[in-house]
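Here the structure comes first, spelled out in C-alpha cells, and everything after it is commentary.
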Amino acid sequence: MLKGFESVHIGKQGNIIHLVFNAKFVTDENGNIVGTRGTAYNITERKQMSDALAESEMRFRQIYEHIEVGLARVSLDFRIEHINRAYCRMLGYSEKELIGRHLRDITHPDSIEENLQKQQQLAIGAIDHYQMEKQFIHKQGHSISALLVSSLIRDASGKPKYFLGSVVDITDRKRAEASLRESEEKYRMLFHSMLDGFALHEILCDDCGNPCNYRFLEINPAFERMTGLKAEKLIGKKVLDVLPGTEEYWINAYGKVALTGEAIHFENYSVELDRYYEVTAYCPKKGGFATIFSDITDRRRAEEDRLEMERRLLHAQKLESLGVMAGGIAHDFNNLLMAIMGNIELALYDISPESSARISLAESLNAAKRAADLTRQMLAYSGKGTFSFEYIALSERVAENASMFKTAISGGVSL
C-alpha cells in the first residue's frame, strides 16, 4: 500500500502541479499483482502556501537577526526567551548569557518598577502596547538609555503567549541632549551674570534693502543697568520707537554687520542716553546681530579732563615762558631806562631854567619814569619783582599822559 506519496508534474500549459497519492495493489485469485487502485489529490495551492510561509519566515528571521533595532521575546513571568543580535550587542552580552534572565537583571533600578507595571497592564489587557524611555544596565556596569516599545502576543485562542519588545539605543542622543542643556545653562548663567551688556537684535530694511531700523529680541540685566532701559519695554520693540533720537550711525553700522556678517568693534557716543559705549557687534545669523558693550563714559570723561588739564598746563607753561622772556626784556629795558633818566636829570640840572627845552626834557623824564613803572610791573609778573599798592589821583595821571594819548589816537578823536 502506498500512502501520502507526493510527486511533481508538469501541466499541459507548462505549470507545476503538486500531487499526493494514496494507492494499493490489485491482485488476482492467486495473489499476483495485476494493477493498482488509488486516489490523487492536487495539493499545488497548499504547497504554494507552505512555500510562501517558509519564505516569509526566512525573511522574518533575516530581518529579526540583522535589524539594528533590538528585539526580545519575554515570557509572561518577565524572563527573556529569545533576543536578536542587536539586543545582545547593545547590552554587551551573548545570546546564551541573556536567555532565561529576568528583566530585573538587566534593568536599572530607576526604570524597573515602571517597566514591570506596564508589562502587567499588557498581560491583563489594560493596554495593548506601551512606549517608555528605559535605563538598561550594560554588562560592564554602565547605564544604557533606550526607547522601548512593547506589546503582548496572543495565541489563536486569544490567550496571552509572550511579550515582544523592541528597543532603540538612544544613549548618544540623551548625552547630546544633556550636553545641550548644560551648554544652554552655561549660556544662560553667562547671559545673566556677565558684567558687559548684551543684546540680540533683528535688522529692519526699507524697500530698497537699506537698513532703516532694528528690533530688540533679547537683552541681559547688564544692558538694563548700563542703559536704564527695561526688558519689558524693549523686547519686540523697534529702536526708533523707543529711542527716536537714535543717530543714523548706529543703524548703519549694525546693518552692515547683519547683512554682511562682518564683525566690528568701535567706541561711540549715544546722544539719547548721554553715554559713551565700547561696542563689539557680530552676526549670529543672517539678518540679525548681537552686541556686547561696556559703558566707558567715566573713562572718556576722565580722558577729556586729563586732556583739559594737559592743555591748561601747557598754557601755563607757555605763560611762564613768556613771563621769563618778558622778565629778561624788562630787566634789560629797565637798565636802559635808568641810563636815560640819569642823562635827562643831568640835562635838566645843566640847562637854564628859562630854556624852552626844559619842558620837553621834563616830559621825557616823566615818560621814562612811567616806562620804568611798566618794567617793574613786568618784572613782578615774571616773578622777579614785587607789586606795591598805593592810592593815586586818577585825574593827575590822565593829565600827565594826555600828550602821549594825543599822539597815539586818530585825529578824529578829541580829548
ask   = Within region 87-107, can you find the residues that are part of a helix (DSSP H, G or I) and of a type in the set (D, E, K, R)?
value = R89, E95, K96, E97, R104, D105
key: When residues of region 317-344 are limited to those that are surrounded by 11 or more Cβ atoms within 10 Å (Cβ to Cβ) and within 60 Å of the chain's Cα centre (by Cα), the one nearest to E363 (Cα to Cα)   = L322
inquiry  = Condition check: loosely packed, with under 14 Cβ neighbours inside 10 Å and within 16 Å of I80 (Cα to Cα). Does G100 satisfy that?
reply    = yes
message = I need the full set of residues from region 177-199 which are aliphatic (A, V, I, L, M) and either modelled with pLDDT of 90 or more or touching a His at 6+ places or on another chain (Cβ under 8 Å) (or both), in order please.
response = A199
key: Any hit, region 200-211, residues being aliphatic (A, V, I, L, M), farther than 30 Å from E133 by Cβ and at pLDDT below 90   = no
key: region 12-33, subset without any contact (Cβ under 8 Å) to a residue 24 or more places away in the chain and surrounded by 10 or more Cβ atoms within 10 Å (Cβ to Cβ), residue farthest from the chain's Cα centre (by Cα)   = T27
request  = For region 283-296, enumerate the residues that are surrounded by 16 or more Cβ atoms within 10 Å (Cβ to Cβ) and either without any contact (Cβ under 8 Å) to a residue 60 or more places away in the chain or touching a helix residue (DSSP H, G or I) at 6+ places or on another chain (Cβ under 8 Å) (or both).
outcome  = C283, G288, F289, T291, F293, S294, D295, I296
task = Name every residue in region 226-257 that is over 15 Å from R215 (Cβ atoms), touching a strand residue (DSSP E or B) at 6+ places or on another chain (Cβ under 8 Å) and assigned to a loop (DSSP other than H, G, I, E, B), in order of residue number.
result = E247
Every pair of residues 6+ apart whose Cβ atoms lie under 6 Å, when the first sits in region 151-175 and is assigned by TED's automatic domain parsing to the domain that holds Y130 while the second is charged (D, E, K, R) and assigned to a loop (DSSP other than H, G, I, E, B) = K161/D155
query = From the list T171, T227, which one is β-branched (V, I, T) and under 27 Å from L259 (Cα atoms)?
reply = T227
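The values are calculated or read from the model by the stated rules, or taken from the named source; none is laboratory data. This is a predicted model, so every value here is computed, not measured. Glycine also receives a Cβ, built like all others from the backbone with ideal geometry; neighbour counts cover every protein chain displayed.
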